[in-house]
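Shown next, in structure tokens, is the structure this report addresses.
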Amino acid sequence: MNVATLEKLLKPLSISLFICKEVSSPWMNDEKDGVSNDMGFHRVESDQIIYRNKKKRCKLIGKYVMGDVLGEGSYGKVKELLDMETLCRRAVKILKKRKLRRIPNGEQNVDREIRLLKRLKHRNVIELVEVLINEEKQKMYLIMEYCIGGLQDMLENSPGRTFPQWQAHGYFLQLIDGLEYLHSKGIIHKDIKPGNLLLTLDGTLKISDFGVAEALEMFASDDTCFTTQGSPAFQPPEIANGAESFSGFKIDIWSSGVTLYYLITGEYPFKGDNVYRLFESIGQGFISLPELIVEPLRSLLDGMLKKEPGDRFTLQQIRHHPWFISQPRKEPNSIVFIEKFKSEKYKRETILFVIDDYLLGLGILWITSILTLKKLFDRSIGMKVEKSDLKLPNKSICNLMLNCKVLFFIHYLKVRSFSFVNFSRTAKCKVPMYSIANPKKKKNL
Amino acid sequence: MLYETSSKYYVTCSVMNNCFFDKGKVLLARHKTSRTLVAIKHFNLEEFTQEQYDLIMEEIFFMRQLKHPNILPCLTSYVINFDLYVVSPLMGFTSCHDLISAHFQDGLSEIIISFFLRDVLRALDYIHSKGYIHRSVKARHILVHADGHACLSGFRYMYSLPKCGSLNKVHHFPLHTSHNLNWFSPELLEQNIEGYDEKSDIYSVGVTACELANGIVPFADTSTTSMLTEKVRGVIPQLIDCTTWFLHDDDQYSKDEICYSNENIENENQKIISRKFSNSFHAFVELCCCRNISIRPLPKQLLNHSFFKPIRRIGINLQELLQPAVPYTETNTTELHEDVAVINDLSYDFDDINIYPEEWDF
């Protein structure tokens, strides 16, 4: 692509383009002339580069910009979103009708999940923000609070596959808080497990995935249930033994007990090669707590994992239990960090790429003046360039740059924001973003 | 001084402004017992959603809790039927935003800004010492008293910093604030694992400084998303004057081409281009809006900045400087009605009157 074609391309977008005559002065010369190397060029470490196979197109749903994939399930993908009005980060669960039909009770479960979530509002229960439906594509978008990951992923990425006791204690407290709220609303979650316990940015635990949850009848006399579809390893003995009806609240207590056991030991209390063996071992209901679990935690787990639902602790008993009340000593050295399990640091960047593409497409960028690189560097003397400002290059713009051998100065004149954006970032070396930070120094030179 | 909690004791003079997404009114009123002028915010609670209601509650709560000469106090508040009244002292020059839009479209002068920002920073220092982040410092929330001192208001979005733990960071993202986005700091907008702290307010002070000086907030016409990308990449908002006006400062850059395109724009902004802010003001904004949080100073440190030195000169009369703006004072206000409640009914009546000038039929 040469300059003329570029001009043709930009014309319909009402972008005015000026090209300096002296484009020829190659910028590599500057380096040879001894112009300070760290003024503009920065080496990119290989781990800083995110490789992308294909160019991401900017996708919009309603007022949201679609970002990276956060996770994938049987029903579809979970992606990151950015609300364009409030700039709030969100997550979206994308459900495809085609896929849902294949899952037994799929559509019913989704329906129930939406109905339940709309009723709920609690610090430790995930918030459903909005539901969007695209009839054409046969897709449904559940827009939720943004969480950076679940306890399961965190455990899998921690060194010992366990949490230190104080950290598990913190999560367990929040789990019981959320569970108490759900039970007070007559909702039985039925699928409490580390994978369904998500964490927000500030480390608040959120109970999520209400796909198999059940709401009791408004005037139900007790919490009797007849069905369950939760994960096998977290099912109580009465279900493993095939009871026809059972107490709903006690199921959640049992699976919370198994979850706590799992968080602390990194193992399931019951094991089996397949579901039948697993259910057999659960059905016997005999557990041997490892030596490492000491009082008072031992008696709590013992109480929560009682075979008879009637003997099992209630939420009130758990609340008054010494381990629950106690405050295990913090060991800052043994903390399992949230960051560790995802490249959270770079997550933000990818959505920025997407926005770049979006803006370029809209023709919002108003290119008013193009200088040669040499002149750019003349100007850049005396400017502060911060390391934290280094960002990865945007490929599409870079290609444009390389082909034209010019530098764009994008200047929001109308806006009077008076900010200069430099899009001269190329694939291998890059000029960091800056603005003319200190005009005084420049004048002195 | 006791301020009564009944509309009987206040005589309305005029409606000054709208507030809170235009759902509330700011009334100028006279307190009968003390014969002083007060500002009364009036909200009709029926129109509010639960969240908006909570925001107003928070604001009153914070206003009552904080006590500082540069923080707008709440003298009293009361509810009658579905109407909520919040009484606070009168700020004669109203808000900085109103000053700019009425009299100073191209921005305030540097000395005035330094006075206002000093007061804002003092207020912020106090708020931070109480363990809160203000989160909505902007020209609209800087109110100016008739004697020239500025007060900070707008405590709806305040958030308390966690007191325990080594990491004093907040991750809460203020929703319902799409109109505040331009003032937010990049670390707040990023919503990443690192969170933000009270230094986020300092960034807002920097943006507010640009707003006061330029007459328009940086990124005003940009879309929210491009504002986000720019801020995250560390683009610093600028004061516009002859040193930063890009097209004007160097002759060696092919001027012909530039003039050809931007003639109109230049004529329009001649006044802005020809002025000059001091270097310390530029440095102040740069320091406030620094992307690196560890470099960004605290309010206390900023108060010693050379930008505030000219204030120490004696004999600066802010009222003179602020001319042609005239404050609301005892002498230039007239009483309208018996009590505050009447003005509401009146303004509602006005809404009902339909005037169709074209429909005269002879």
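Remarks
- Applying a DSSP loop filter and a limit of 10 other Cβ atoms within 10 Å to the GluC sites (Glu not before Pro) in segment A:158-243 leaves A:Glu217.
- Using a Förster distance of 60 Å, the FRET efficiency for A:Tyr276-B:Leu298 (Cβ separation, nearest 0.05): 0.40
- Karplus (6.51, -1.76, 1.60) ³J(HN,Hα), θ = phi - 60°, over segment A:242-259, in Hz, Gly and Pro reported as x: x, 5, 7, 9, 7, 7, x, 4, 5, 4, 5, 5, 4, 5, 5, x, 5, 4
- Positive-end extreme of charge dipole, segment B:115-225 - chosen from B:Ile193, B:Tyr157, B:Pro218 (charges on Cβ): B:Tyr157
- Assigned charges on the beta-carbon of Lys, Arg, Asp, Glu; segment B:150-211 dipole about Cα centre (debye): 220
- Between segment B:104-165 and segment A:247-262, the alpha-carbon centres lie 50 Å apart.
- Distance between the pseudo-spin-label points of A:Glu244 and A:Gln284 (7 Å out from Cα toward the beta carbon): 2.9 nm.
- Derived scalar couplings between HN and Hα for segment B:226-238 equal 6, 4, 4, 4, 5, 5, 5, 7, x, 6, 9, x, 10 Hz in order, rounded to whole Hz, by the Karplus curve 6.51 cos²θ - 1.76 cosθ + 1.60 (θ = phi - 60°), x for Gly and Pro.
- Applying the criteria of a DSSP loop state and at most 16 other Cβ atoms within 10 Å to the trypsin sites (Lys or Arg not before Pro) of segment A:58-115 yields A:Lys59, A:Lys63.
- Segment A:59-145: C-alpha gyration tensor shape, a/c 1.5 cut-off, then a/b vs b/c: oblate
- Of A:Lys99/B:Lys231; A:Lys93/A:Lys271; B:Lys23/B:Lys138; A:Lys59/B:Lys231, pairs whose Cα-Cα distance is over 29 Å: A:Lys99/B:Lys231; A:Lys93/A:Lys271
- Cα-based shape type of segment B:73-140, given that a ≥ b ≥ c are square roots of the gyration tensor eigenvalues and the cut on a/c is 1.5: oblate
- Net charge dipole size for segment A:139-219 [Lys, Arg +1 and Asp, Glu -1 on Cβ; Debye, nearest 20]: 120
- Across the options B:Gln65, B:Ser77, B:Ala39, the greatest Cα extent toward the positive end of the charge dipole of segment B:4-94 (unit charges at beta carbon of Lys, Arg, Asp, Glu) belongs to B:Ala39.
- The charge dipole of segment A:59-145, taken about its Cα centre with unit charges on the Cβ atoms of Lys, Arg (+1), Asp and Glu (-1) only, comes to about 340 debye.
- Near B:Gly234, no amide H atom lies under 5 Å from its own; only residues 5 or more places off or on other chains count, and H is placed 1.01 Å from N.
- Charge dipole of segment A:163-269 about the Cα centre (unit charges at C-beta), most positive-ward option of A:Ala220, A:Phe249, A:Thr204: A:Thr204
- Remark: B:Ile111, B:Ile236, A:Ile253, B:Ile56 ranked as B:Ile111, B:Ile56, A:Ile253, B:Ile236, counting other beta-carbon atoms within 10 Å and listing the fewest first.
- Modelled spin-label separation between B:Glu194 and B:Ala102, with each label point placed 7 Å from Cα along the Cα-to-Cβ direction: 4.2 nm.
- Sites matching trypsin sites (Lys or Arg not before Pro) across segment A:222-330 that sit in DSSP coil, with at most 10 neighbouring C-beta atoms within 10 Å: A:Arg329
- 10 Å Cβ neighbours from other chains, averaged over peptide A:78-88: 4
Bear in mind these aren't lab numbers, they're just calculated from the coordinates by the rules spelled out. Not measured: the values here are computed from a predicted model. Cβ atoms come from the backbone with ideal geometry, glycine included; neighbour counts cover every protein chain shown.
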